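Shown next, in structure tokens, is the structure this report addresses.
What follows is calculated from the coordinates using simple rules that are stated; it is not laboratory data. Everything quoted here is computed from the prediction, not taken from an experiment. Cβ atoms come from the backbone with ideal geometry, glycine included; neighbour counts cover every protein chain shown.
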Amino acid sequence: MKRKYGFTLVELLIVLAVIAALIATITPLALNAIRRARASQVAQNFRTLASALENAAYVNGVFSAALVVGGETVASAGEIKNAAGDGPVSFAEIGRNIDAEAYNVIYEADGGTYTVWVFAIANADPIAVQEVFSEVEDSDAYTGTIPEPAAASGIFQITGGSIAHDSTDIDFVYEFEFRVY
């Protein structure tokens, strides 16, 4: 009797069933890892922008009075200086590797106390972002309202970010406060 080479239909169906079971087991794990990675990236970008702005305020200082160049106000009192000290800090300085199309920063100067709102349009799960924040620090990322920038009231927007403070597309807002002495 001659032996036929190859697989029988039953053997092929068993192999396909095993592969399907493995895919069904691994897919949710991979999707959860991707979801978690996006959330971690958003949380890390918030922390990066927050610490960079705070660092700029400490290292570069703030304008104690309005900076007027050629009759035009370049910076208002309370604004955080850029590294050169000739204007306000920009998004490019504090968030070099962060997508300016997806993030922006507004801060309020009240004496030496600064309240900062970092906000984002991010393709991430809000619950996962909140989980990342709660694991790392006692802070809160939430969807909230952001004040309208107005130099007269001491609320400034970092130049270079492209999301408007009143955009309906904002997914996350991270608010924190620091003091410059």
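Nearest 10 degrees is fine. How inclined is helix 126-136 to the longest principal axis of the chain, computing both from alpha carbons? Result, in degrees: 70. Other residues whose C-beta falls under 12 angstrom from the C-beta of Leu67 contribute a net charge of -2, scoring Lys and Arg +1 and Asp and Glu -1. Put a dot 7 Å past the Cα of Ile127, heading toward its Cβ, do the same for Ala33, and the two dots end up 2.2 nm apart.
If both residues of a DSSP beta bridge must be in the chain, then about 95% of such bridges are antiparallel. If the chain linking Lys2 and Gln44 were pulled fully straight, counting 0.36 nm for each residue of separation and taking away their Cα-Cα distance, it would gain 8.5 nm. Computing FRET efficiency as 1/(1 + (r/R0)^6) for Ser64 and Ala164, where r is the C-beta to C-beta distance and R0 is 25 Å, gives about 0.30.
Using C-alpha pairs under 8 Å with a sequence gap of at least 6, the mean separation divided by the residue count of the chain gives a relative contact order of 23 percent. From least to most packed, judged by other beta carbons within 10 angstrom and beginning with the fewest, Val59, Val180, Val173, Val89 follow the order Val59, Val180, Val173, Val89. Cβ crowding within 10 Å, taken as a proxy for footprinting-reagent exposure, orders Lys4, Lys81 from fewest neighbours to most as Lys4, Lys81. Set the Förster distance to 25 Å, then compute FRET efficiency between Ser90 and Asn55 from the Cβ-Cβ distance, nearest 0.05. Computed FRET efficiency for Ser90 and Asn55 comes out at 0.95. What does the charge count near Val89 come to, summing +1 for each Lys or Arg and -1 for each Asp or Glu among other residues with Cβ under 15 Å from its Cβ? Local charge sum for Val89: -3. Convex hull volume of the Cα atoms of the chain, normalised per residue: 169 Å³.
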